[in-house]
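Only the coordinates and a few stated rules stand behind these numbers; no lab work does. Please read these numbers as outputs of a predicted model, since none were measured by experiment. Cβ placement follows ideal geometry from the backbone for every residue including glycine, while neighbour counts extend to all protein chains displayed.
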Amino acid sequence: MTGRRDVVASLPLYKQGAMPTSADVVKLSSNENPYPPLPSVVSALTGALGAINLYPDMGAVRLRSALAQRYGVAPGNIAVGAGSVEVAQQIVHAVAGPGDEVVFAWRSFEAYPIITLIAGATPVAVPLTAGDRHDLDAMAAAITPATKLVFVCTPNNPTGTAPSAAEVEAFLTRVPADVLVVIDEAYVHFNRRPDAVSGMDLFRAHDNVIVLHTFSKAYGLAGLRVGYAVAPEPIADDLRRVSVPFAVTDLAQTAALASLDADRELSARVDRIVAERDRVTAGLAASGWPVGESQANFVWLRAGDDTARVDAALRDAGVLVRAWDGEGLRITIGTPEADDRVLSVLAGIREVIG
Ligand SMILES: Cc1ncc(COP(=O)(O)O)c(C=O)c1O
């Protein structure tokens, strides 16, 4: 068809987790928080509804200064977007174009190759290790004079693995100073590794580090779309330059601010999700499934050739998960009832497979 650009027509479509078709179906396919919004957040949102005839504050001044205060940085270091995926896209647009390379692990967050291609840059996907971890040695070796950006996703989506601080520090010594490294911490609140890397520690120690955070996961605001980067000021300025004007609504900013004030309640919920993750991991291992140690709000089941069969059985039982044929399934941690359904289906299949 005339008018289409080949480069766009050949882009892979971002695939959303399957959507439920009835009330009895449980959606564990998008790494959402299973808890409803906190009453304090709902009440702040209700108060803000009367102003939706107005454009939001494009500078997100209150939100950026609250975040800056929390991390001990300047508001100028914070750039916001409609979800951290939009911020990731701003980053790629700001620093990479045709002829430039963007390095990331694979399999990892599936938006990385898509946003790289949209910017006209070249994705360089570095396979995970046999243990589904970032191969940081291979990622360092993949950096060329054309590399502008590296994404390190920790904990990694979809495998749940997380590198240690020492591993990422060692990696950074091998990254040239003019190559930016994004530490994508969408699932950081669920990480219980005692020696886990902290994006903010890296940001304070290195001039080429950007930290990417979201309100979608631990804070449970996936439906409102708000995320942010903590970046060196000139980069944060550039992120604002390439951002979609007014993309972060007033409702999203209001809910994010109210959520920052509700840390104690939200971290109690995160603790419950982590405990539930450990219960699901132990249950799957007990029925003989090769399940990795996840530091996120999902588990990764290396079902290999059995993936399609497991996916179909879960679907028949009214559970939607994310499956990659021939590789495995990513199962988001849900309510205990939803997780019991998963455990019982998977124990049943295991008995059949033997
Ligand atoms: C690793 C990672 N980064 C970023 C995102 C983007 O999330 P959001 O745009 O909702 O902030 C996701 C969403 O699943 C993710 O898995």
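Structural remarks
- The trypsin sites (Lys or Arg not before Pro) of the range 1-87 that meet both conditions, a loop assignment by DSSP and at most 11 other Cβ atoms within 10 Å of the site Cβ, are ARG4, ARG5, LYS15.
- With the charge dipole of the chain set up from +1 on Lys and Arg Cβ and -1 on Asp and Glu Cβ about the Cα centre, the Cα lying farthest toward the positive end among the listed residues LEU180, SER164, THR254 is that of THR254.
- Size of electric dipole in the range 39-260: Cβ of Lys, Arg +1 and of Asp, Glu -1, about Cα centre, debye, nearest 20: 540
- Qualifying aspartates and glutamates (Cα of each under 13 Å from Cα of LYS15; at least 8 residues distant if same chain): GLU110
- Sequentially through the range 254-267, phi angles give Karplus couplings (6.51, -1.76, 1.60; θ = phi - 60°) of 4, 5, 5, 5, 5, 5, 4, 7, 10, 3, 5, 5, 5, 6 Hz, Gly and Pro residues having no value and appearing as x.
- Only beta bridges with both residues in the chain are counted; by DSSP, about 45 percent of them are antiparallel.
- Packing-based order for 217-224, 6-13, 115-122, using average beta carbon neighbours within 10 Å, highest first: 217-224, 115-122, 6-13
- Straight-line reach from LYS27: taking Cα to Cα under 17 Å and skipping same-chain neighbours fewer than 8 places apart, the aspartates and glutamates in range are GLU276, ASP311, ASP316, GLU337, ASP339, ASP340.
- Taking a ≥ b ≥ c as the square roots of the eigenvalues of the alpha carbon gyration tensor, the range 250-315 is prolate, as a/c is not under 1.5 and a/b beats b/c.
- Modelled spin labels at ALA286 and ASP201, positioned 7 Å past Cα toward Cβ, are 3.4 nm from each other.
- Spin-label model, ARG315 to GLU233: label points 7 Å out along the Cα-to-beta-carbon direction sit 5.3 nm apart.
- Whole-percent pair-distance distribution, where bins are 10 Å wide, for the alpha carbons of the chain: 5, 24, 33, 26, 11, 1, 0
- Computed over the range 39-260: relative contact order in percent, which uses C-alpha pairs under 8 Å that are six or more apart: 29
- Secondary-structure-derived ellipticity at 222 nm for the chain, considering helices only, amounts to -12000 deg cm²/dmol, per-run term -39500 (n - 2.57) for DSSP H runs with n ≥ 4.
- Global geometry of the range 308-354, whether rounded, prolate or oblate, following the gyration tensor of its Cα atoms and the 1.5 cut on a/c: oblate
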